[in-house]
Amino acid sequence: MATLPRPTCGEMDGPVHLYPIRVYYEETDAGRMVYHGNYLKFAERARTEMMRVVGLDHIDMIETHGLVFAVHSADVKYLKQAKLDDELLVQTHVQALGGASMTMRQKINRIGVSGLEDAIADLTLKIAIVDEAGRPKRLPGDLSATLKRLRDEKG
C-alpha cells in the first residue's frame, strides 16, 4: 500500500511557526467572506500544530503532565477580510513566557502568487497553563526550556 497523505503540521522557520490554511465555504458568510470568529479557529489550529512540531502536543501534556493551555485573553485586530478559497498563512511565535502563562503573537496573511500579500489579522493571546481542574500550574523545566528557546530566538 502506498504511503497515505497526512495532515500538515506546518513548519518552523527559526522561532516562527508557519501554518498554511485554505478558506472553505463552511468558514464564510453569505458574501463569501470569512466569518470573524473563524480567524480565532485558524489561530487555534496553528498554535496546536506549533506545539506539536516543537514536541509539546496536547495529549502528551495532559496524559504525562496533567496540564492544558487555556486562552485567558485575546486581542484581535481585523485588518482585511479573507474570502472563499483564499490561501492564508498563520505565523505564530512565543512573545513572552511566565511561570504559568505565555503570550503568543499570531499574524494571518493572504498568500499570493508572489508570496505573502495582505495582512488579514493580527492576534495577541495570553495563554494560561492550568491543570485539568483549571488551577494555574508552572510548566515543568523541560517544557519551559523549549518555549523559552523559541522566545529567546525571536529576540
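The values are calculated or read from the model by the stated rules, or taken from the named source; none is laboratory data. These numbers come from a predicted model, not from an experiment. Glycine gets a Cβ as well: all are built from the backbone with ideal geometry, and neighbour counts include every protein chain shown.
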For segment 79-110, what are the residues that are of a type outside the set (Lys, Arg), within 17 Å of the chain's Cα centre (by Cα) and more than 23 Å from Gly141 (Cα to Cα)? Glu87, Leu88, Leu89, Val90, Gln91, Gln106, Ile108, Asn109
Residue under question is Pro5, and the condition is that it be loosely packed, with under 13 Cβ neighbours inside 10 Å and not polar (S, T, N, Q); does it hold? yes
Among what's in segment 126-155 and is at pLDDT 95 or above, in contact with a Ser or Thr (Cβ under 9 Å, 6 or more places away or on another chain) and more than 11 Å from Val94 (Cβ to Cβ), pick the residue that is surrounded by the fewest Cβ atoms within 10 Å (Cβ to Cβ). Pro136
Restricting to segment 1-34, name every residue that is of a type in the set (A, V, I, L, M), under 17 Å from Glu87 (Cβ atoms) and in contact with a helix residue (DSSP H, G or I) (Cβ under 9 Å, 6 or more places away or on another chain). Leu18, Ile21, Val23, Val34
Odd one out for Pro5, checked against (1) over 19 Å from Leu123 (Cβ atoms); (2) at pLDDT 95 or above: (2)
In segment 67-95, what residues are closer than 19 Å to Glu49 by Cβ and of a type in the set (S, T, N, Q)? Gln91, Thr92, Gln95
In segment 48-88, what residues are out of contact with any strand residue (DSSP E or B) (no Cβ under 6 Å at 6 or more places or on another chain) and within 19 Å of Arg22 (Cβ to Cβ)? Thr48, Asp85
Only residues in segment 37-61 that are free of Cβ contacts under 8 Å to residues at least 12 places away in the same chain and under 17 Å from Glu11 (Cβ atoms) count as the first member; pair them with residues that are part of a loop (DSSP other than H, G, I, E, B) and of a type outside the set (Gly, Ala, Ser), Cβ under 9 angstrom, at least 6 apart or cross-chain, and list the lot. Thr48/Asp57
Residues in segment 36-78 that are loosely packed, with under 13 Cβ neighbours inside 10 Å and within 13 Å of Ala121 (Cβ to Cβ): how many? 4
When you scan segment 84-136 for strands (runs of 3 or more DSSP E) that lie fully inside it, which ones turn up with 1 or more residues that are in contact with a Gly (Cβ under 7 Å, 6 or more places away or on another chain) and touching a residue at least 40 places away in the same chain (Cβ under 8 Å)? 115-131
